[in-house]
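The values are calculated or read from the model by the stated rules, or taken from the named source; none is laboratory data. Here the structure is a predicted model, which means the values were calculated and not measured. Note that each Cβ is placed from the backbone with ideal geometry, even for glycine, and that neighbours are counted across all protein chains shown.
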Amino acid sequence: MPSITSTFGLSRLFSLVEDLRRREDRLALALSLVIGALVGLIVVAFILLTGRLAAHMYPAGGAAWRRVLVPTLGALVTGILLARAFPDARGSGIPQTRAAIFIHDGWISMRTVAGKFLCCSASLASGIALGREGPAVHIGSGLASVIARRLGLGTVQVRWLVPVGASAALAAAFNTPIAAVLFSLEEIMGDLHAPILGSVVLSSTTSWMVLHLVLGDEPLFHVPAYRLVSPSELGVYAVLGIVGGLGSVAFVKLLLRMRRWFMSLPRRMAWLYPTAGGLGVGLIGWFVPQVLGVGYDQVDRVLGGDVVLSMAITLVGLKIFATALCYASGNAGGIFGPSLFIGAMLGGAVGAVAERVFPGASAGPGAYALVGMGTAFAGIVRTPLTSVIMIFETTRDYTIIVPLMISNMIAFWISQRLQHEPIYEALARQDGIHLPTGAFREQTRALTASSAIREAPKPLASALEARHALERIGDSALDAWPVSDDAGFRGMILRRRLEDAVARGRAEVPVSTLLEEEEGVDERATAHVHGDQPLAHVLARMGETHRSVLPVVSRADVRLLLGVVTLPDVLAAYGVEGDDEGSGRSAAEARRDG
Amino acid sequence: MAEAWPRTAPRPTATTPEFLATFGLILAAILAFGAFDVWLAHVDERESRQHAAHQYEDGRAQLAAGHPRAASDLFASAMASERTNVQYGTALGEALLAAGEYPEAESVLRTQLARAESDGQANLVLARVLEREGRADDAASYYHRAIYGRWEEGAPARRLEARMALVDLLARSGARQELLAELLPLADSTIGTRALRRRVAHLFVVAGAPDRAIAMFREMLRADAKDGDAYAGLGEAALEVGNFETARADLLESARLLGDTARTAVSLAVADSALALDPTLRRLDPPERRARAARVLALVLDAAARCTPAAPSAATDSARAMLAPVAPDSSLRAGTGRGDRTASRLATAREEAESMIALASAIWDSRGGRCTTSPSAVGERALALVMAKLAD
C-alpha cells in the first residue's frame, strides 16, 4: 500500500510540476517568489557578513595604522582573487548585469556570483570606498540566471529573470522595494514598460519582506521629519541641483579618466592594481576615517543635521577621489552607495551655507543632505525617477517630492549636457561592450509605421473581376493592392493571386471571392498595421504574412485605409536605400526564389 | 498575475525530475540561508549591543571626567549601534547639554521621547536643556513629566531628584506659589535625607512660608539639638518673619555649634542692621522710635530715588518735608511746665514716628516690582526685612 500511495503521490506531484511548467504565468509567479526569497536571504547574509568582517578588521579603539594596512591588504588579496579566480566579479556589477541581459542571453555564471559575494565582502569590509548595492544586484541577477538555467528554462525566460533577481537584490540591499523595481526597469532593462513588471514587483516585495523578517524594521537611514520652511527655499534646492550636477559630472569624468589610465597599464599586473586603490584610500583614511567603506553611518549623521561645513566639503572631494581610485584600479564594489554619500555631503554643505545666509528661512542641513542624495544619484546614475522614489521611500514624506524633483531634474540635465554617456554605459564601452543606450531606444521607439507610410493606390472594387483587376494594377511596383467595398477597406489582394486566377480560367471571379479564399470572410483578420506601431513590428508582420506591402489602417476603424507601408519604405526609414525599391516582390518571395 | 512572457520561448530542456530536484535544492538553500541569516543577525545584534554598552560606559567615564564632547561621540556611536536603546540617546542628550549644545541636545532628546514619551530620565534631561535655554515654563512641564514618568531603577530617588530640580527652577524664577505647591509634598519628614529636609525648609523661606520652615527646623532640632545648620536655617527663617533678635541668637548659636562664623556672617550682619533699624521694637522710647522711623524713611526715600529718580510724588515730597530740620519747640518759649512738655514731646515723637512709618510703607509699596534689593547688600536686605515686618 505505501508504495502505491507514494507512487500515486509522486505521479501527482509530477503532473502538478508539468502543469506548472506548461502554465508560464504560474511558473513566473512561483519563480519570482522563490528568487525574491533566496536573493533576499543571500543579500542579507552579504550585508551581515560584510558588517561582521568590518567590525573585526576595525575593532573599537583600534590603532590608526589599521586604516592604512587593512584596505591595502584587503585590496591585494581580493585583487589576486579577482585576477586569478573571479575575473568577472570586478567592479560594480550593474554594467555586467546589463551586458548579460542584452548580449549574453542572461547568462551569468555561478562562479561570478560566488566571486562577487566573496570578493566584495572582503573588499568592502576592509574599507574600500565602494558600495554594496551594485554587487548585490550582480549577485541577485546571477542567482536568478543560475536558477533559471538549472530549471531548464529557455533563453528568453532566463533573460527575463535576470532583472527579477536584480530587483530583489536591490530591495534587500537598500531597503527600498519600489525604487528597486524602478531601478530594474529604468536602468537595468532601460524600459519602464517591460513586460516583466509583475515578476519584478513580486520578487522585490518578497526580498524586502525577508530583509525585515531577519533584520527587523530598522530603516537604513534615520531621517528626521522633513519640512519646507518657505517656498523661497526651492531656489536653494535649485542651487543644490546645479552643485549636484556639477559634482556628479566631476566624479564620472574623474572615474572614467582614471580607469582609462589603469586599463592602459600592462594586463599581466592586473592583480596588483587594486592595491593602489586600497593604499590610496588607506592613506586618506589615516587622516579622515569617514572616507573608508560605504560610509552610511556618516550619511546617517549628516541626515540627522550633524554637519560641519568644512568637513562636508572635505568629504565630498575625498570621497570622489577615493571612490574613483578604488573603482578605476579594479576593486570589487559599486558606485551606487558612494553616489549617495557624495550627494549627502554636497547637500549638507549647501544646507549649512543656506542656514548661515538665510537663518530661520531654510530647513536644516539634514533636509538638504537628503535631497542631495537623490540629486547626486540622478546626476551620476542618470535614473531620475528611481532617485525621486528612492528618497521618497526613505522619508515616506510627500512634501519632499517637489524640492527633490527640482533638484534632481537640474542635476540630470547638467549631467546629460556635460557628460553625454551615462556612467554604466561608459564603463561597459571602456570594456569593449556596447550596451544599448537610452538614445538608441528612443530612436527605435520614434520610428513608427507613420514614418514610412505612403499614399494608398486607389482601391479595387470588391465586385471587380480578376482580369480587370489585373489590368488596373498593370505594372505597378506593389505586389498587393487594396480592395474596398461599400463599407470601406476590405483587404489587400496579392498580384500573384490575381495572376493565378486568370491563369486557371477564373478570370471572371470577383476580387472579393479571391480575397475571402485568401483571408477568410472576417475583414478584421486582414493583415494590417497602425500608424503608431514601431517599424520593428511592421517588419515582423511582413515576415509573418510573407508580404512586402501592408495596409495602414485607423485604430478607430479598421475599414478606414490611411495608406500602405512597403518593405523598401521601411528600409528607407531606417536609412537603408535598397536597389530593389519598387520590385514589388516580398522579402519572403525573394528568399524562396533564391 | 498574468505574466507576458514571450510566446516564442523554447520548451524547457530539463526533465521533470531534474526540475523538481533543482526546485528542492533551491528550497533547501532558502532554508539553509534563512537559518544562517537568523544566526548571523543574532550574533550581529549581540555584538552590537556589547559594543554599544562598552561605548556607553566609556562615554559615562568621559562625561564624569568633564569631557562632554568626547562623551557625546561615544554615546552617538553607542546609539548608532543600538538605536532602540533610549538610555543611549538620553546620555547623548546629557553630554550635549554639558557641552552647551542645547539645540542639538533638544533634538536628540525629542527623538528619544518620540520612542518613549514617558521615560523619566529623557524628560528630566530635556527639562534641564530647556531650563538652560531660558524656557522656564517648558522646562517645568518636562520636570513634571519626569516626576510622573517611568524610571527603570531607583524610581523614588530619581523622582525626588526631578522634583528638587523643578523646585530649584521655581525658586530661581521667583514663582513662589508654584514653589510652595511643589514643596508641600516634600515637607513630610519621612521623605529624603536630613540634608534634603534642611534644603526644603530653606526653600520654604524662599517660597514665602517661613513659618513652615521654622516648624521643620525645630523638628530637626528636636532630633538633634546640636544641629548648627538647623539653627542657621532657623535664624534665616526668623529674619524673614521679623524676629530679628531671635534670628541673631539662632545665628550666633549656629556659628558656635558649627565653629564657623563665616557661613552665618552675612545673615548675622543683616540681623544686626535690622535690629538697629527696626522702629517697632518694644523697648524703644518714643524719641528713639521716631529717630529710627526717620532713618527708615530716609533710607526708603533713598531707595525710591534710586528706582524712579525723575518721578517725585506727593508722598516723597511729604516725606522730605517731614525729614526737614524742625523749628524750636514753641511750648518751651510759652513757659509751660517741664512734665507737660516732656509728655507732649513724647506724644509728638510717637505720632511723628507713626506718620513716618506709614509714609515709608506707602513709598516702599509704591515702588512695586520696579526695584529689587540685592540679597548681598546687607543694608538693603535689612531695610527690606524691616519694611516687610512693618507691612505685617
>> Step by step: first the residues of the range B:111-145, then only those that are surrounded by fewer than 16 Cβ atoms within 10 Å (Cβ to Cβ) and among the basic types (Lys, Arg), then the one that is modelled with the lowest pLDDT. Which residue is that?
In response: B:ARG115
>> I'd like to verify a number: residues in the range A:167-201 that are in a helix (DSSP H, G or I), surrounded by 24 or more Cβ atoms within 10 Å (Cβ to Cβ), within 12 Å of another protein chain (Cβ to nearest Cβ) and not polar (S, T, N, Q), how many?
In response: 2
> In the range A:302-317, what residues are β-branched (Val, Ile, Thr) and either surrounded by fewer than 18 Cβ atoms within 10 Å (Cβ to Cβ) or away from chain B (no Cβ under 13 Å) (or both)?
Replying inline: A:VAL308, A:ILE313, A:THR314, A:VAL316
>> Between A:LEU69, A:LEU49, A:LEU41, A:LEU53, which is part of a helix (DSSP H, G or I), touching a residue at least 12 places away in the same chain (Cβ under 8 Å), surrounded by fewer than 19 Cβ atoms within 10 Å (Cβ to Cβ) and within 14 Å of chain B (Cβ to nearest Cβ)?
In response: A:LEU53
>> I'd like the full set of residues that are in a helix (DSSP H, G or I), modelled with pLDDT under 85 and more than 7 Å from every other protein chain (Cβ to nearest Cβ), limited to the range B:8-22.
In response: B:PRO17
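Condition check ((1) charged (D, E, K, R); (2) in a helix (DSSP H, G or I)) across all residues:
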position	(1), (2)
B:ALA237	no, yes
B:ALA247	no, yes
B:ASP250	yes, yes
B:ALA269	no, yes
B:PRO279	no, no
B:ARG282	yes, no
B:ALA298	no, yes
>> Kindly evaluate A:THR275 against the criterion of being buried (at least 21 other Cβ atoms within 10 Å of the Cβ), of a type outside the set (Lys, Arg) and within 14 Å of chain B (Cβ to nearest Cβ).
In response: no
> Could you count how many residues in the range A:222-240 are buried (at least 19 other Cβ atoms within 10 Å of the Cβ), of a type outside the set (Phe, Trp, Tyr) and assigned to a loop (DSSP other than H, G, I, E, B)?
Replying inline: 1
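Condition check ((1) at pLDDT below 90; (2) aliphatic (A, V, I, L, M); (3) touching a helix residue (DSSP H, G or I) at 6+ places or on another chain (Cβ under 7 Å)) across all residues:
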position: A:TRP65; (1), (2), (3): yes, no, no
position: A:SER92; (1), (2), (3): yes, no, yes
position: A:THR112; (1), (2), (3): no, no, yes
position: A:LEU124; (1), (2), (3): no, yes, yes
>> I'd like to know if the range B:59-69 contains one or more residues that are farther than 20 Å from A:HIS222 by Cα, within 12 Å of chain A (Cβ to nearest Cβ) and surrounded by fewer than 20 Cβ atoms within 10 Å (Cβ to Cβ).
In response: no
>> Looking for something within 14 Å of chain B (Cβ to nearest Cβ) and under 28 Å from A:ILE196 (Cα atoms) - is there at least one such residue anywhere in the range A:114-121?
In response: yes
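A quick yes/no check of all residues on (1) polar (S, T, N, Q); (2) surrounded by fewer than 19 Cβ atoms within 10 Å (Cβ to Cβ); (3) in contact with a His (Cβ under 8 Å, 6 or more places away or on another chain):
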site: A:MET345; (1), (2), (3): no, no, no
site: A:MET373; (1), (2), (3): no, no, no
site: A:ALA376; (1), (2), (3): no, no, no
site: A:ILE391; (1), (2), (3): no, no, no
site: A:ARG396; (1), (2), (3): no, yes, no
site: A:ILE410; (1), (2), (3): no, no, no
site: A:SER415; (1), (2), (3): yes, no, no
site: A:TYR424; (1), (2), (3): no, no, no
site: A:HIS434; (1), (2), (3): no, yes, no
> For the range B:294-343, what are the residues that are charged (D, E, K, R) and at pLDDT below 60?
Replying inline: B:ASP329, B:ARG333
> Residue check: is A:VAL549 at pLDDT 90 or above, surrounded by 14 or more Cβ atoms within 10 Å (Cβ to Cβ) and out of contact with any Asp or Glu (no Cβ under 7 Å at 6 or more places or on another chain)?
Replying inline: no
